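The values are calculated or read from the model by the stated rules, or taken from the named source; none is laboratory data. Computed from a predicted model, the values in this text were never measured in an experiment. Cβ: placed from backbone, ideal geometry, glycine included. Neighbour counts: every protein chain shown.
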Amino acid sequence: MSESLSGLQVLLTAEEIAARVDGLAAQIVPNLEDDAVAICLLTGGLWFAADLTRALAARGKAIAFDALWLTSYGDAKASGGRCEIRAGLQRPIAGRQALILDDVFDTGLSLAEASRHLREAGAASVITAVFARKPWPKPRAEIPDHVAWEAPAAFLVGYGMDIGGRFRGLPFIGAAPDS
């Protein structure tokens, strides 16, 4: 795909994204402990994590923030079938509730690996939230607790989702044309 935005089909506008994040925050607040830690899955989850943690704070839940840097796609349009941790947490999670935040739930590898890692690190409980969940032909080991948007079976870009590191900063979510 060229550097151009031509050919992208807009699926959600910035306003629609904001409304879905706000609705998701309202769902999560009743289940969120005051000492919980939001764990952003880098790098794609950064946009969603920033928006959701602000929406949670607006509802009185100004929780701690940390990140895990995971990779399973690299620059490809398909997962390599395994997930690795490139950078771990910066603070202890033992005895605290973890809220894992990711941009898209596709194969489920990243969410499963992050959940496993946090449980092994002693998290008291793990809650998961993703912005987009794509359909998948096979059962997935880990199912997100909270989903903002049921996405179509398309390659998504924008709002943290990318092709080879590009298009993450788009303020909307689009479907990339097949290439």
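Each row is one residue, and each column tells you yes or no for (1) modelled with pLDDT under 85; (2) in a loop (DSSP other than H, G, I, E, B); (3) of a type in the set (Gly, Ala, Ser).
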position	(1), (2), (3)
Ala49	no, no, yes
Leu70	yes, no, no
Gly81	yes, yes, yes
Ile85	yes, no, no
Gly95	no, yes, yes
Leu99	no, no, no
Residue count for region 150-179, restricted to those that are surrounded by fewer than 18 Cβ atoms within 10 Å (Cβ to Cβ) and within 19 Å of Leu101 (Cβ to Cβ): 4
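Restricting region 86-109 to residues that are among the small types (Gly, Ala, Ser) and more than 12 Å from Pro144 (Cα to Cα), which is surrounded by the most Cβ atoms within 10 Å (Cβ to Cβ)?
Residue satisfying both the conditions and the ranking: Ala98.
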Hey, Ala112 touching a Gly at 6+ places or on another chain (Cβ under 6 Å), farther than 20 Å from Trp47 by Cα, surrounded by 14 or more Cβ atoms within 10 Å (Cβ to Cβ) and not basic (Lys, Arg) or not: no
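Only residues that are assigned to a loop (DSSP other than H, G, I, E, B), touching a helix residue (DSSP H, G or I) at 6+ places or on another chain (Cβ under 7 Å) and either modelled with pLDDT of 90 or more or surrounded by fewer than 17 Cβ atoms within 10 Å (Cβ to Cβ) (or both): list them for region 130-149, please.
Start the filter on region 130-149 by keeping residues that are assigned to a loop (DSSP other than H, G, I, E, B), which leaves 134-145.
In the following step, the residues that additionally are touching a helix residue (DSSP H, G or I) at 6+ places or on another chain (Cβ under 7 Å) were identified as 141-142, 144.
Of everything in region 130-149, those that are assigned to a loop (DSSP other than H, G, I, E, B), touching a helix residue (DSSP H, G or I) at 6+ places or on another chain (Cβ under 7 Å) and either modelled with pLDDT of 90 or more or surrounded by fewer than 17 Cβ atoms within 10 Å (Cβ to Cβ) (or both) turn out to be Ala141, Pro144.
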Restricting region 27-43 to residues that are farther than 12 Å from Leu89 by Cβ and crowded, with 17+ Cβ neighbours inside 10 Å, the residue that is nearest to the chain's Cα centre (by Cα): Thr43
